[in-house]
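Throughout, read-outs are computed from the coordinates displayed, never taken from laboratory work. Quick caveat, the model's predicted, so the values are computed rather than measured. For neighbour counting, all protein chains shown are included, and Cβ atoms are generated from backbone atoms with ideal geometry for every residue, glycine included.
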Amino acid sequence: MNDKFLGYPREDGRVGVRNHVLILPASICASDTTRLIQREVDGTVTFSHQVGCSQVGIDSDWTLRTVAGYGAHPNVYAVLIVGLGCENHQASLIKQEILKIVDKPVETLVIQEEGGTVNTVKKGVEIAKKMVEDASKIKREEFPVSELIVATECGGSDTTSGLAANPTIGLLSDMIVEKGGTVILSETTEFIGAEHILARRAKNKEVHDKIYKIVSDFEEHITENTGHDVREGNPSVGNQEGGLTTLEEKSLGCIHKAGSTTINNVYSYSEQVGKNEGLVIMDTPGNDPASVAGMIAGGAQIVVFSTGRGTPTGHAVAPVVKVTGNRETWDKMSVNLDYDASGVIYGEKSMKQQGEELYSDLLDYADGKKTKAEEFGFTETAIARMANFV
């Protein structure tokens, strides 16, 4: 079995599976302008940023850490940050945070200083074209699987997620860990009712206690700030229609993505994740785009995302590989999905066979094969929040 992939070497020692130039909006007010720049220059990516201003405390910290993580990401060769000029997260501040993580080409433009959108787009296109030209000089090289940080996610879950898709991802996770890579398990709200199972797999007491703490803190926060129980919104309507009856049942399916290895660390949202760490947890919400955002900002080069009901979401910075265990969903939504894990349910394949197939597919996507979400150009993103705007 192949244990190598073709990636882009970066000066900080990390490896990218894509070679993007990121046109990074500093706030919601710059998002439309970055989109205009991106449309004019092949080889660039951007996203619709919904925040970046009117935030304080942990919300401001999470947003800044997430967008800086996007800019510092190994899948990104260079960054052009576009700000409006009066937002909290100034373009210069984001540049400073990116350069704290890694030294790479980073330029800034401020719409108010450039004299408006037309001038900003014209100048941005010139900068972006030069960045893409420079990026094209970086060639793929062969690297071991140990260089990968793989994020795992599930969304639109149904009964087949816990029966087929997530266990298949779990076998993939074990294989990545065995080869010396890092795998991230996320969605803290979907540990509820299964936290004791995860805690038993903790490397030490510190990790054990952190697992219990993040679950407890999340549940208490929702209750204290909304007056409602997390179970009122999770499982969602779609989850229930897919046969899931309780949050605990959903959690027992969710944690199958973590395979069977030791949990070595617990990371905060969007915190930079280390290479060669084996299985780790990131404290993220259950909301799919926000959870994926945190793991990619933390450095995950590729995401494996299970979905029983089907979902088209992707990301600007990293490929998102969609896996379903539901044959009907595959038949209806194969244009959005990348791997059919339903074979094990019908006795057509063994779980081991599916795990090996998904592992092989993952390396193909790491080599440059486009996911369905990439083919469509889907770049949805969301960033976790704790409070209303100020």
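Can you work out ³J(HN,Hα) from phi for every residue in region 117-122, in order, using Karplus 6.51 cos²θ - 1.76 cosθ + 1.60 and θ = phi - 60°, giving whole Hz and x for Gly and Pro?
Running phi through 6.51 cos²θ - 1.76 cosθ + 1.60 with θ = phi - 60° gives 5, 4, 5, 5, 5, 4 Hz.
Mind checking the full-extension length gain between Thr117 and Ser92? Use 0.36 nm per residue of separation minus the Cα-Cα distance, one decimal, nm.
Difference between extended and current length: 7.2 nm.
With a/c under 1.5 counting as rounded, go ahead and sort region 311-390 into rounded, prolate or oblate using the C-alpha gyration tensor (a ≥ b ≥ c being the square roots of the eigenvalues; past the cut-off, prolate if a/b is larger than b/c, else oblate). Walk me through the numbers before you get to the answer.
Working: a/c = 2.19, a/b = 1.75, b/c = 1.25.
Verdict is prolate for region 311-390.
Sorting Thr117, Thr311 on the 10 Å Cβ count, fewest up front, what's the list?
In increasing order of surrounding Cβ atoms, one gets Thr117, Thr311.
Mind giving me the FRET efficiency for Lys352 and Asp134? R0 is 51 Å, r the Cβ-Cβ distance, nearest 0.05 is fine.
It comes out at approximately 0.70.
Rank these for me by crowding, Val110, Val177, going from fewest to most other beta carbons within 10 Å.
Val110, Val177
Identify which of the listed values of Cα extents along the principal axes in Å was calculated from the structure shown: (1) 66, 45, 40; (2) 60, 51, 43; (3) 84, 48, 42.
(2)
Using only Cα atoms, find the angle between the long axis of helix 57-72 and the longest principal axis of the chain, and express it within 0 to 90 degrees, rounded to the nearest 10.
Taking Cα atoms only, the helix is inclined about 80 degrees.
Restricting to the chain, compute how many DSSP beta bridges are antiparallel as a %, nearest 5. It would help to have the intermediate numbers written out before the result.
Details: 6 of 41 bridges.
Within the chain, antiparallel bridges account for around 15 percent of the total.
Compute the distance in nm between two label points, each set 7 Å from the Cα along the Cα-to-Cβ direction, one at Arg39 and one at Asp209.
Using points 7 Å along Cα→Cβ, the separation is 5.4 nm.
Could you please report the charge total around Asn2, scoring K, R as +1 and D, E as -1 over all other residues with beta-carbon less than 12 angstrom from its beta-carbon?
-4
Could you give the distance between the Cα centres of region 131-151 and region 316-333, to the whole Å?
After rounding, the separation between the Cα centres reads 25 Å.
Report, in deg cm²/dmol and to the nearest 500, the calculated mean residue ellipticity at 222 nm for the chain, where each DSSP H run with n ≥ 4 adds -39500 (n - 2.57) and the sum is divided by the residue count.
-12000 deg cm²/dmol
Under the classification rounded if a/c is under 1.5, otherwise prolate if a/b is larger than b/c and oblate if not, where does region 20-135 fall, given a ≥ b ≥ c as square roots of the Cα gyration tensor eigenvalues?
Judged from the Cα gyration tensor, region 20-135 comes out oblate (a/c at least 1.5, b/c at or above a/b).
Rounded to whole Hz and in sequence order, give me ³J(HN,Hα) for region 174-180 from the Karplus expression 6.51 cos²θ - 1.76 cosθ + 1.60, θ = phi - 60°, writing x for Gly and Pro.
Coupling constants for region 174-180: 4, 5, 5, 5, 4, 7, x Hz.
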